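The values are calculated or read from the model by the stated rules, or taken from the named source; none is laboratory data. Treat the numbers as computed from the prediction; the structure is a model and nothing was measured. Methodologically, a virtual Cβ is constructed for each residue, glycine included, from the backbone with ideal geometry; neighbour enumeration extends over all protein chains shown.
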Amino acid sequence: MEAWDKVFKQGEFCLLDPNPEVVKIIPILRKRKARRVLDLGCGAGRHLILLAREGFEVYGVDISEVALKIAENRLASLGLKTELKRCSIENIEYPSEFFDAVICINVIYHTTRKGVAKALREVYRVLKPGGLALITFISKRSWKYGLGEEVEKDTFIQREGSEAGIIHHYVDREELEDLLKDFKILKIELKEDVVEGIRRSHWTVLVEKPE
């Protein structure tokens, strides 16, 4: 928590432009008549702003009090309303079957393997039957894999740079499918780009809670 507050105080991850995958899911949510959407690990609020502008009933949770304050101020400046709550992705403080959709962008892997599994169980719990979840995971092909202190298999705490003190759990497709076994998998896609020899590699996943 302190590490994340420090990150946001420094202005890291205070992004404004939404992830393209979130933009692409909006027509799908409309087609399914989704109304209530949770941004799990909402950070500074870029997706809260997008979804609120698109007319959804939006909720945001994050572990960082600093991030939530930034998000609150941004939303207020735009005259937008969402419900914000400070809690862990591993313990989502909302009732079961409360949301039509959950988005979780570049967040769920900031814990151990056990923590990722617990967070996914929470996503499953708070989704309505037939609800969608759009989630990104960090791939073992990422340039960051293996950097920092290894705390368990495929899990490292960054020791340098903007994410110093932040934990990452990296997955391959086999582990990803195992983690998502309770959901109906609609899409798994590996997204990569290489800039100046540095490869960024993430899995984009769209899943549905079976009815």
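Data table
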quantity	calculated
Conditions (1) surrounded by fewer than 18 Cβ atoms within 10 Å (Cβ to Cβ); (2) at pLDDT 95 or above; number of the one not met by ALA3	(2)
Output for the range 118-144, where each listed residue is part of a strand (DSSP E or B) and of a type in the set (Ser, Thr, Tyr)	THR136, SER139
Residues located in the range 140-196, provided they are under 14 Å from ARG113 (Cα atoms) and touching a Lys or Arg at 6+ places or on another chain (Cβ under 7 Å)	GLU152, ASP154, THR155, HIS168, HIS169, TYR170, VAL171, ASP172
Test result for ILE157, of a type in the set (A, V, I, L, M) and either farther than 22 Å from GLU189 by Cβ or surrounded by fewer than 19 Cβ atoms within 10 Å (Cβ to Cβ) (or both)	yes
Filter result for ASP182 (out of contact with any Ser or Thr (no Cβ under 8 Å at 6 or more places or on another chain) and of a type outside the set (Gly, Ala, Ser))	yes
Any chance VAL23 is at pLDDT 95 or above, more than 15 Å from VAL126 (Cβ to Cβ) and either under 13 Å from the mean Cα position of the chain (by Cα) or surrounded by fewer than 18 Cβ atoms within 10 Å (Cβ to Cβ) (or both)	yes
Subset of the range 160-183 [farther than 23 Å from ILE28 by Cβ and touching a strand residue (DSSP E or B) at 6+ places or on another chain (Cβ under 6 Å)]	ILE167, HIS168, HIS169, TYR170, VAL171
Matching residues, the range 118-162, being among the charged types (D, E, K, R), at negative phi and in contact with a Phe, Trp or Tyr (Cβ under 7 Å, 6 or more places away or on another chain)	LYS128, LYS140, GLU149, GLU150
Residue in the range 100-108 that is polar (S, T, N, Q) and at negative phi present	no
Qualifying residue in the range 167-184 (condition: hydrophobic (A, V, I, L, M, F, W, C), surrounded by fewer than 18 Cβ atoms within 10 Å (Cβ to Cβ) and either at pLDDT below 95 or over 18 Å from ASN19 (Cβ atoms) (or both))	no
Filter result (touching a helix residue (DSSP H, G or I) at 6+ places or on another chain (Cβ under 8 Å), part of a helix (DSSP H, G or I) and loosely packed, with under 14 Cβ neighbours inside 10 Å) within the range 44-103	GLU65
Residue ID - surrounded by the fewest Cβ atoms within 10 Å (Cβ to Cβ), chosen from residues in the range 145-154 that are free of Cβ contacts under 8 Å to residues at least 24 places away in the same chain and in a loop (DSSP other than H, G, I, E, B)	GLY146
Inter-residue pairs, beta-carbon under 9 Å, first free of Cβ contacts under 8 Å to residues at least 40 places away in the same chain and in the range 96-117, second assigned to a strand (DSSP E or B) and among the basic types (Lys, Arg), 6+ apart	GLU97/LYS128
